[in-house]
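These notes are about the structure you will find just below.
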Amino acid sequence: QFVSLSQTLNGKKVTRAYSIASVPFGNNRFELCLNLVSDGIFSPYLFSMNSGDTCEMKGPHGMFVFRQPVSDSILVATGTGIAPFLPMLQYILPRDTEHKFTLVFGVRYEPSLMYRAEFEALEAAKTERFRFLPVLSRGDESWSGRRGHVQSHVLDALGDRRDVNVYICGMKAMVDDLRAQLKALGLDRKRI
């Protein structure tokens, strides 16, 4: 799910959507995953906020949840598109003992693997039901893991199966490309 944050900046109202990156804490508290865009308009404002500062918020909005009934799933993210998958997995893994979940997460460089420790802990706890597949497109020579773009690794994880749901969040170009590839392979659009 996501919230819309708004603030008047330089005389103009600016609104941006941010994915919720936590399960509800109670007391109207939740976490957002933010990426500072140094030449951006809104993210520098958010990063400069101090305790007690406010901005307008609407939401939560969205329908980005596990489809019911749940089935084996591949979750695909690039960059801050990873945000909704952490709470989704934290919620589903303790409650669903039947299905398998694979997370393919792509970034350029290793330090950008947000929530890496959390996903590795989930994988260690649910070894047979959850796989975490980090992918670097520009990793240095010390990286011994997966390289390239997430699309090819998703197709490897999918294999010959067509009974899997695929959830995609991230850069529009990746989302559009992967969606087209999955449809071309015969995956029903309702599973994407």
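Of the residues screened, VAL65 is not one that is open to solvent by 20 Å² or more (accessible area, probe 1.4 Å), in contact with a His (Cβ under 9 Å, 6 or more places away or on another chain), part of a loop (DSSP other than H, G, I, E, B) and hydrophobic (A, V, I, L, M, F, W, C). In the stretch 39-53, is there at least one residue being assigned to a loop (DSSP other than H, G, I, E, B) and within 30 Å of HIS153 (Cα to Cα)? No, because not a single residue in the stretch 39-53 is assigned to a loop (DSSP other than H, G, I, E, B) and within 30 Å of HIS153 (Cα to Cα).
Residues in the stretch 4-27 that are part of a strand (DSSP E or B), hydrophobic (A, V, I, L, M, F, W, C) and either open to solvent by 50 Å² or more (accessible area, probe 1.4 Å) or under 21 Å from GLU118 (Cβ atoms) (or both): 2 in all. Of all residues in the stretch 163-192, those that are over 24 Å from ILE20 (Cα atoms) have Cβ atoms under 9 Å from Cβ atoms of residues that are among the small types (Gly, Ala, Ser) and not in a strand (DSSP E or B), 6 or more apart or on another chain, in ASP163/SER71; VAL164/SER71; VAL164/ALA157. LEU113 satisfies every condition listed in (1) in contact with a helix residue (DSSP H, G or I) (Cβ under 6 Å, 6 or more places away or on another chain); (2) within 28 Å of SER43 (Cα to Cα); (3) not acidic (Asp, Glu) except (1). Evaluated against (1) modelled with pLDDT of 95 or more; (2) open to solvent by 70 Å² or more (accessible area, probe 1.4 Å), LEU36 falls short on exactly one condition, (1). Contact map, the stretch 50-76: residues that are farther than 30 Å from LEU9 by Cβ and aliphatic (A, V, I, L, M) paired with residues that are part of a loop (DSSP other than H, G, I, E, B) and open to solvent by less than 70 Å² (accessible area, probe 1.4 Å), Cβ distance under 7 Å, separation 6+ or inter-chain. Pairs shown: VAL70/ASP96; VAL70/HIS99; ILE74/VAL164. Summed over the stretch 141-172, the residues that are within 19 Å of PRO84 (Cβ to Cβ) and open to solvent by 50 Å² or more (accessible area, probe 1.4 Å) give a count of 2. Considering every residue within the stretch 70-83, establish whether at least one is within 24 Å of ARG29 (Cα to Cα) and of a type in the set (S, T, N, Q). Taking every residue of the stretch 70-83 in turn, at least one turns out to be within 24 Å of ARG29 (Cα to Cα) and of a type in the set (S, T, N, Q). Within the stretch 145-164, not a single residue is among the small types (Gly, Ala, Ser) and under 24 Å from GLY62 (Cα atoms).
Within the stretch 89-115, the residues that satisfy the criterion of being closer than 21 Å to GLU141 by Cα and open to solvent by less than 100 Å² (accessible area, probe 1.4 Å) are VAL104, PHE105, GLY106, VAL107, GLU110, SER112, LEU113, MET114. Would you pick out the residues in the stretch 116-138 that are touching a residue at least 12 places away in the same chain (Cβ under 8 Å) and open to solvent by less than 60 Å² (accessible area, probe 1.4 Å)? Once the filter is applied, which keeps residues that are touching a residue at least 12 places away in the same chain (Cβ under 8 Å) and open to solvent by less than 60 Å² (accessible area, probe 1.4 Å), the stretch 116-138 yields PHE119, LEU122, ARG129, PHE130, PHE132, LEU133, PRO134, VAL135, LEU136, SER137.
The values are calculated or read from the model by the stated rules, or taken from the named source; none is laboratory data. Every value quoted in this text rests on a predicted model; they were computed, and no experiment measured them. In this analysis, Cβ positions are derived from the backbone assuming ideal geometry, glycine residues included, and neighbour counts consider all displayed protein chains. To get the accessible areas, we keep the full protein, side chains included, count just its heavy atoms, and leave off ligands, DNA and RNA. Shrake-Rupley method; radii C 1.70, N 1.55, O 1.52, S 1.80 Å.
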